[in-house]
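**Q** Got a structure here, written out as structure tokens. Questions coming.
The values are calculated or read from the model by the stated rules, or taken from the named source; none is laboratory data. Keep in mind that this is a model prediction, so the values were computed, not measured. Glycine also receives a Cβ, built like all others from the backbone with ideal geometry; neighbour counts cover every protein chain displayed. Protein only, heavy atoms only, side chains kept; ligands, DNA and RNA dropped before computing areas. Shrake-Rupley method; radii C 1.70, N 1.55, O 1.52, S 1.80 Å.
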Amino acid sequence: MAPDPNSASGSGTRDEATVKVPAKDQKKKDEKKDEDLSEEDLALKQQLELYVERVQDTDPGLQKAALESMRQFIALQIFSTPVDSFLLLTVLINSITGWAQEIRTSTSSMTSVPKPLKFLRPHYGTLKAYYEIMGESDLKKYLADILSVLALTMSAEGERESLKFRLLGSEGDIGSWGHEYVRNLAGEISQEYAKRQTEEAPIDDLMELVQQIVAFHMKHNAEPEAVDLLMEVEDLDLLVEHVDSTNFKRTCLYLTSAARYLPGPDDILVLDIAYMIYLKFDEYPNALQIALFLDNLQYVKQIFTSCDDLLMKKQFCYIIARHGIEFELDDDMVVEDEDRYALQDIINNSKLSEGYLTLARDIEVMEPKSPEDIYKAHLLDGRASAGASVDSARQNLAATFVNAFVNAGFGQDKLMTVPADASSGGASGNWLFKNKEHGKASAAASLGMILLWDVDSGLAQIDKYFHSSDSHVIAGALLGVGIVNCNINNDCDPALALLGDYVNKEDPSIRIGAIMGLGISYAGSQNDQIRFKLTAILNDAKAPLDVIAFTAISLGLIYVGSCNEEVAQAIIFALMDRSESELGEPLTRLLPLGLGLLYLGKQESVEATAEVSKTFNEKIRKYCDMTLLSCAYAGTGNVLKVQNLLGHCAQHLEKGETHQGPAVLGIAMVAMAEELGLEMAIRSLEHLLQYGEQNIRRAIPLALGLLCISNPKVNVMDTLSRLSHDTDSEVAMAAVISLGLIGAGTNNARIAGMLRNLSSYYYKDANLLFCVRIAQGLVHLGKGLLTLNPFHSDRFLLSPVALAGITTLLFACLDMKAIILGKYHYVLYFVVLAMQPRMLLTVDENLKPLSVPVRVGQAVDVVGQAGRPKTITGFQTHSTPVLLAAGDRAELATEKYIPLSPILEGFVILKENPDYKEDN
């Protein structure tokens, strides 16, 4: 008679042969452990040990006896006939499959180590050893599956046994072993993939497994894990076939967020995949955001041609207009001529002034404000208010800027646009001549700022200054024309027609007015006609240095981010032609900036030009290097470049060195791309303040101003407030201007109070008081309706023209005394390039304003969260149009309308929801 496989004697003899007898105390411990187990667990443990014993038994007689017993059992239970040898194998497989079932049910969701895995831990090595000596069979594959799961908790670090046995096992459903198993497998695949890549080994078996894992993850709302695995194995294209209508939004949200932290060219690849997925599901507005981020106009064209909905195309035009790039529609994109003209009109921003004034009327701030309304001198003690009443040219100039900033775009004010027959007897002329010489240029140009975006009315009102005999007034009028046309494209090209002839006049101030006007009105347009005019000036040996400096800046603005070689060469030659004495001039430093703007955000494209800059005179070489690096990586968040720039700032140099200023600004320009980098940059700059040289300390407030522009963070506000009382007046001036920048357009009461106190503190220092006034004007920019933040669309897109304008102003502020406080104060007007209404204006299908309730609250990051989490917190419900502060997000509070843009900012078209039913 065959020995009973369940009897103690049979198994005892085998144990003695193969397993060392444990010490007595170990036995006691095991017995105590067994006593702690419940009856159910004990039964499970014994059952599993029996399975193990049967499967890995080496005694053929005992194995046969076990099979016989099972055969008898199955024959009795299921079959009524004797069982052949094939069934013996089936029985054995069933024994393993039963065990597999035990493990499966316990691993589907793992919060602690499952009991079967715990009870099988001592037998893992034995099973592995037995697997090695088994003959090839289905049974061996089943055992491999089991070992693959056991390896989840028992495999040694770095062995990747779970993956090894999975590849050797049967190719069953991978998900049946649970999420934890699949996750672990994905981790081992990425390690194995990296190893095989270095060894150049084949990876086909791994990729089959990746297919299964990705399909499993996508089905179970684990899109980030699927994306991560595909990034590890460099096969993101697989994602497109696995996404469906339920998960593509979450997938793309994760892709676009991850792209910020990836090195090139991976980031571009990831965004390309997101773009393809959005197109696949006809999510055109989201695809357009990505196309603009990639600066890929072919993609933008593809979106226009793929979409048939005219109303949707109008929404695209609003998004493109807000981004501020030049884009020409053709017959393929919009077939009907009439529709095409209407859409081109939106892209040309011709509706911007109208929308802005609609917002102003709704919020009831149309009443013009005077500089005194902003200074609020009556709130201060006696001495400061007495000083404020003195009518000095410097204070009048400050008032001119404050008046321009506060009433920007409103078309009326109390200084420049007062009708001539008013009691003051032609106040506009009066105010203009309260300014001295070059002050008149800024005063005349301020009219352009007040009439911002309103081209027809603006040109008509500025026209009178062209007939003046004073060259400064004409220069200001020319600049004013440029400002009025800023961010507005017009088929008639009025700015070019008016300014083109003045570019080559004798008087340098008139030339600068015309050149700067062209730069501001055609920023980002890459207009070749203007290029021919301006490059001729750069090549002119007789042209004064200031004319050449402003020409370089204007060319940089017009060709911002275009990497245009002709312009780059012209600026390089102009730099090489400068004499030794000219290279020491502060204005010369605007030439490298003009060069840098050509490569704004274009990363590696700058390398050839950077090599050429190494041949420059040593006086300007390093300055040029830092400027090119800062501009090329602006808005990319590239950590390595930030480290590089920090390295330059850490050096302690002699007094004459100027290149650390651009390096400090560069840190802010690069790190402003995303919140995490921004916070880290603020901390790094705090450290530089402690041990940096004086020229670094002078640039730090400006860098902080850029990092938090129009976003007054309390910690930065406090730092700048501290620096505004610094013993070094240059540091104090930079801090004061930066207080204006971080509060720009916010009407922030705390900053306004700080600046009022500073105006009292510095009432005897004309230069610092001037800076305080400018900052006060910036805080109340557009009476609190405007922002200078170059980021828009939920901080996803960066407008190159806006960043170029702010950067130009900040570089000029690196030498405040020579430029802003000298005779080039009109550089402050470059800030107009970044000015945009911080509004949400909803319009109906005929593009007429439509008031609907919206919830406005702090934006919440929902990347990688399952389900449909809330995207805003702490919201209030308002009726549109509404103002959006930094970090705010809006969502519709009604289901009556469907917004055509996924991001509610700027102009948003609403169409009626056909499924909406009014509640009675």
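**Q** Run the numbers on the range 733-805 and let me know its relative contact order in percent, using alpha-carbon pairs under 8 Å that are six or more apart.
**A** Reported relative contact order: 39 percent.
**Q** State the answer as a single residue: which of Leu704, Leu720, Asn747 lies farthest towards the positive end of the charge dipole of the range 655-766, with beta carbon charges of +1 for Lys and Arg and -1 for Asp and Glu, about the Cα centre.
**A** Asn747
**Q** At a 1.4 Å probe radius, carbon and sulfur cover how many percent of the accessible area of the chain?
**A** 50
**Q** Given the peptides 522-531, 669-678, arrange them by the average over their residues of other C-beta atoms within 10 Å, most packed first.
**A** My ranking of the peptides, most packed first, is 669-678, 522-531.
**Q** Here's a follow-up. Just how far, in whole angstrom, is the range 452-471 from the range 197-266 if you go by their alpha carbon centroids?
**A** 58
**Q** So for the chain, averaging the separation of alpha carbon pairs under 8 Å that are six or more residues apart and normalising by length, what relative contact order in percent results?
**A** Here the relative contact order equals 8 percent.
**Q** Output the peptides 462-472, 836-846, 795-805 sorted from most to least packed, where packing is the average of other Cβ atoms within 10 Å over each peptide's residues.
**A** Answer by packing, highest mean first, reads 795-805, 836-846, 462-472.
**Q** Another question, then. Using the per-residue mean of other Cβ atoms lying within 10 Å as a proxy for protection, in what order, highest first, do the peptides 176-184, 548-556, 806-814, 643-651 fall?
**A** 548-556, 806-814, 176-184, 643-651
**Q** Which ³J(HN,Hα) values, rounded to whole Hz and listed in residue order, are derived for the range 689-696 from phi using the Karplus coefficients 6.51, -1.76 and 1.60 in 6.51 cos²θ - 1.76 cosθ + 1.60 with θ = phi - 60°, glycine and proline given as x?
**A** Values per residue, Gly and Pro as x: 4, 5, 10, x, 6, 4, 5, 6 Hz.
**Q** Roughly how many Å is it from the Cα centre of the range 354-370 to that of the range 793-867, as a whole number?
**A** Spelled out, the Cα-based centre of one part sits 18 Å from the other.
**Q** Taking 7 Å along the Cα-to-C-beta vector as the label spot, tell me the Asn221-Met207 distance in nanometres, rounded to one decimal.
**A** 3.3
**Q** With labels modelled as points extended 7 Å from the Cα through the Cβ direction, what inter-label distance (nm, one decimal) is found for Glu157 paired with Ala541?
**A** Those two pseudo-labels are separated by 7.2 nm.
**Q** Then there is this: If Lys and Arg each add +1 and Asp and Glu each add -1, what is the summed charge of the other residues whose beta carbon sits under 14 Å from the beta carbon of Leu739?
**A** +3
**Q** Amide H neighbours of Lys911 under 5 Å, at least 5 residues apart or on other chains, H built in the peptide plane: list them.
**A** HN-HN under 5 Å from Lys911: Ile898, Leu900.
**Q** Hey, another quick one. Give me the dipole magnitude in Debye, nearest 20, for the range 839-912 about the Cα centre, with unit charges on the beta carbon: positive for Lys and Arg, negative for Asp and Glu.
**A** Dipole of the range 839-912, to the nearest 20 debye: 140 debye.
**Q** Which FRET efficiency, nearest 0.05, do Phe466 and Glu241 yield, Cβ-Cβ r, R0 60 Å?
**A** 0.40
**Q** Same structure again: Can you find, among Ile548, Ala443, Gln302, the residue farthest towards the positive end of the dipole of the chain? Put +1 on the C-beta of Lys and Arg, -1 on that of Asp and Glu.
**A** Checked the options; the winner is Ala443.
**Q** If you count only protein heavy atoms with a 1.4 Å probe, what accessible area per residue comes out for the chain, rounded to a whole Å²?
**A** I get 43 Å² per residue for this part.
**Q** Hey, can you grab everything whose amide H is under 5 Å from the amide H of Leu841? Only 5+ residues off in sequence or another chain; H modelled, so Pro and N-termini drop out.
**A** Gly906, Phe907, Val908
**Q** Using helices alone, what [θ] at 222 nm do you get for the chain, with -39,500 (n - 2.57) per DSSP H run of 4 or more residues, divided over all residues and rounded to the nearest 500?
**A** After summing the helix terms and dividing by residue count, I get -18000 deg cm²/dmol.
**Q** Which value, in debye to the nearest 20, gives the size of the charge dipole of the range 195-265 about its Cα centre, when Lys and Arg are +1 and Asp and Glu are -1 at the Cβ?
**A** In total the dipole reaches around 480 debye.
**Q** For the range 416-540, what does the alpha-carbon gyration tensor say about shape, rounded, prolate or oblate, given a ≥ b ≥ c as the root eigenvalues, a/c under 1.5 as rounded, and a/b over b/c as prolate?
**A** Oblate.
**Q** For the chain, give me the percentage of DSSP beta bridges that are antiparallel, rounded to the nearest 5 percent.
**A** Taking every DSSP beta bridge with both residues in the chain, the antiparallel ones total about 85 percent.
**Q** Spin-label point model (7 Å from Cα, Cβ direction): what's the Glu326 to Glu607 distance in nm?
**A** The answer from the label model is 2.9 nm.
**Q** All other residues with a Cβ under 14 Å from the Cβ of Gly513 taken together, and with Lys, Arg as +1 and Asp, Glu as -1, what is their net charge?
**A** -2
**Q** Tell me, what is the percent relative contact order of the range 422-581, built from C-alpha pairs under 8 Å that lie six or more residues apart?
**A** 18
**Q** How much net charge surrounds His792 when only other residues with a Cβ under 11 Å from its Cβ are counted (Lys, Arg +1; Asp, Glu -1)?
**A** +1
**Q** While we're looking at this one, here's another question. In debye, nearest 20, what is the charge dipole magnitude of the chain about its Cα centre with +1 on Lys and Arg Cβ and -1 on Asp and Glu Cβ, if you could check?
**A** Roughly 3380 debye, rounded to the nearest 20.
**Q** Here's another thing I want to ask about it. For the chain, build the convex hull from the C-alpha positions and give me its volume per residue in Å³.
**A** Cα convex hull per residue, to the nearest whole number: 250 Å³.
**Q** Between 0 and 90 degrees, rounded to the nearest ten: what's the tilt of helix 393-406 against the longest Cα principal axis of the chain?
**A** 50
**Q** Additional query: Tell me, how many Å apart are the Cα centres for the range 140-158 and for the range 521-574?
**A** Here the answer is 67 Å between Cα centres.
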